[in-house]
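What follows is a set of notes on a single structure, which appears directly below.
The values are calculated or read from the model by the stated rules, or taken from the named source; none is laboratory data. Since we're looking at a predicted model, the values are computed, not measured. Neighbour counts run over all protein chains shown; Cβ positions are idealised from the backbone, glycine included. Please note that ligands, DNA and RNA were not included when accessible areas were found on the heavy atoms of the full protein model with its side chains. Shrake-Rupley method; radii C 1.70, N 1.55, O 1.52, S 1.80 Å.
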Amino acid sequence: WYVAWTHFILIWAIYSSFFTPLEFGFFRGLPENLFLLDIAGQLAFLFDIVVHFFLAYRHTHSHHLVYDRRLIALRYLKSRFIVDFLGCLPWDAIYKVCGRKEPIRYMLWIRLSRALRVTEFFEKLEKDIRINYLFIRIVKLIVVEYYCTHAAGCIFYYLATTIPPSKEGYTWIGSLQMGEYRYSNFREIDLWKRYILSLYFSVVTMQVEVAPYDLGFSILLVDRVLSPAGYGDIHAVNVREMIFVMIYVSFDMILGAYLLGNMAALIVKGSKTERFRDKMADLIKYMNRNNLDKQISKEIKGHLRLQYDCSYTEATALQDIPVSIRTKVILSSFIIFPTS
């Protein structure tokens, strides 16, 4: 039942992770049915909080399962309870009750902690040898890049929509003109068109910064010639937009290094997960060829997974220590003291 529940709550975690930036940026123009769907999601996460108070966990040192409900509750209260509870609060309603003070709506970003469930899901898929590892990694990188541009696009629109309508010409979208069309009174434009435009501004701003990390300095020159967006047609107008663009471009440097490093690791095939998958595949072939008992096969797989999950084992921790000192450590670890 809990496995079924984790798959159910994963769907809501994906929805909440992508809807939260949209709700923050496009708060003043979203349809009512989306808010009803959001309420259903918050109720699901409230029930998930209750589930965590009854969920056994594995002890960090002994690796034994802990079933004591008091210890389970204390562990959850000290870890994720506060973040999970704050994420379930109706911040839009609190925002209206408190006189529409904008800083209160910033608390919506606490819900992004639910994205950790999505990353855990991808980690499980990476270990599953039935699924192509290269495919999963590429999908994960595409999701990461799209999510970053999605969140930035929503913030770009938020910076524009919080300016009074009388001064909308001092925003990136209010001052925008493409051909003969001007985006004045942009609040009256279709929601989908506003989102696409915000996402486009976010993508081309990222593109100009990430390209030199991926393909070299020559692409940077071509990119600046062929893609004036972010430097010409669409650009920051007021101080708030300029500050966010500077932060966003600085973040893009880190994101570009992350994407480049992961792609290099895929080509070299030297990651720890890939070595684990190759060893597991070889073991499964050996066990199938020799018709080993299911219980023995399960124990072998469990041992290999334990080696993967543990960053250091006793052997790896002592391998760089001289033999003489290593011998003393082993002898001292197995001394049997006489009982009185």
(Q) Between segment 102-122 and segment 139-174, how far is it from one alpha carbon centroid to the other, in angstrom? (A) 17
Q | Order by protection proxy (mean Cβ within 10 Å, highest first), peptides 122-134, 148-160, 4-16 | A | 148-160, 4-16, 122-134
Q) Taking a 1.4 Å probe, which of Met242, Met206 shows the most accessible area, and what order do the others take after it? A) Met242, Met206
Q.
I need the shape label for segment 92-177. Rule: rounded when a/c is under 1.5, else prolate if a/b > b/c, else oblate, with a, b, c from the alpha carbon gyration tensor.
A. oblate
(Q) Above 25 Å lies some portion of the pair distances; for segment 1-122, what is it as a whole percent of all C-alpha pairs? (A) 30
Q: Mind checking segment 163-197 for GluC sites (Glu not before Pro) that DSSP puts in a loop (not H, G, I, E or B) and that have at most 11 other Cβ atoms within 10 Å?
A: Glu180
Q: With no solvent and one equal point scatterer per Cα, compute the Debye intensity ratio I(q)/I(0) for segment 104-150 at 0.23 Å⁻¹ and report its log10, rounded to two decimals.
A: -0.87
Q) Lys/Arg Cβ at +1, Asp/Glu Cβ at -1, dipole of segment 1-122 taken about the Cα centre: which of Phe81, Leu43, Val97 is farthest positive-ward? A) Phe81
Q) From the cross-link list Lys78/Lys127; Lys124/Lys301; Lys78/Lys298; Lys101/Lys167; Lys140/Lys272; Lys78/Lys272, which pairs have alpha carbons spaced over 26 Å apart? A) Lys78/Lys127; Lys78/Lys298; Lys78/Lys272
